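The values are calculated or read from the model by the stated rules, or taken from the named source; none is laboratory data. Treat the numbers as computed from the prediction; the structure is a model and nothing was measured. Positions of Cβ are backbone-derived with ideal geometry, glycine not excepted, and every protein chain shown enters the neighbour counts.
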Amino acid sequence: MTMRDEERQLREKLLTAVKLLEDKGFNHASTGNLSCRDGDEILITPTGGNSGNLTPGRIVRLTRGGKVVGEGIPSSEWHMHTAILGAFPHANAVVHTHADACVALSCLRRPIPAFHYMVAGFGGVEIRCARYATFGTADLATSAVEALQGRTACLLANHGMIAMGKSLDAALAATIKLETLARQYLLALSAGEPVLIDEEEMSRVGARYGNYGVGILPG
């Protein structure tokens, strides 16, 4: 397979992922953005991109420093994508959404604690909420990288969520699992105060996942 074929496949996968997230109601209109590593550079969805207007050719190529290679205007959150892929060399894809339950919790600036054992699958005893920073800024990128240390996903205060993975499929899976957990946590909170799993048990669960504290899920 030539490099050109590989790149086209990545671009097609990004388009498929954009539509999947819209079909699930995680993103609407031009909200959210995705990226993946392609060799030493990055492919990212463009500003204003959605499933109705995207083509493989509209996906933007960036250097690791964020410089556009060729044509196109990258997502306004390109700082966050390049910073995450630069800070976590084992991550090959990043997914950012405005999924409802994640947004709701992010507006409370509330992390997702160990109310369910699956929280350990994200690399620790809680899924953090990154400190607030203006969208599309390098400060938000720094905030996200801070919150992702030892994790595969985090909430973004008053904004949404972001996840990373060894592949685009892995990052999408983490995104879907995170929104599910966020919704379940909100449901539990509506009925009372959830009983949290203690750190010792979460350590055992994390060891069973095989990724406790690593920050990148297998696959």
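Side notes on the structure shown:
- Residue satisfying all of: in segment 1-59; closer than 24 Å to Ala87 by Cα and of a type in the set (Gly, Ala, Ser); farthest from the chain's Cα centre (by Cα) among these: Gly39
- Residue in segment 67-79 that is within 20 Å of Thr175 (Cα to Cα), modelled with pLDDT of 95 or more, crowded, with 22+ Cβ neighbours inside 10 Å and of a type outside the set (Asp, Glu) present: yes
- Any pair with Cβ under 9 angstrom, 6 or more apart, that starts in segment 104-118 at a residue that is under 17 Å from Ile197 (Cα atoms) and ends at one that is among the small types (Gly, Ala, Ser) and exposed (fewer than 15 other Cβ atoms within 10 Å of the Cβ): Phe115/Ala188; His116/Ala188
- Filtered residues of segment 130-167 (kept if surrounded by fewer than 24 Cβ atoms within 10 Å (Cβ to Cβ) and in contact with a Lys or Arg (Cβ under 8 Å, 6 or more places away or on another chain)): Tyr132, Ser143, Glu146, Ala147, Arg151, Ala157, Asn158
- Taken as a whole, segment 80-92 holds at least one residue that is buried (at least 22 other Cβ atoms within 10 Å of the Cβ) and either under 24 Å from Arg208 (Cα atoms) or touching a Phe, Trp or Tyr at 6+ places or on another chain (Cβ under 8 Å) (or both).
- So Glu7, is it farther than 30 Å from Gly124 by Cα and exposed (fewer than 15 other Cβ atoms within 10 Å of the Cβ): no
- When each of Gly150, Gly136 is tested for being over 24 Å from Met202 (Cβ atoms), assigned to a loop (DSSP other than H, G, I, E, B) and touching a residue at least 60 places away in the same chain (Cβ under 8 Å), the lone residue that passes is Gly136.
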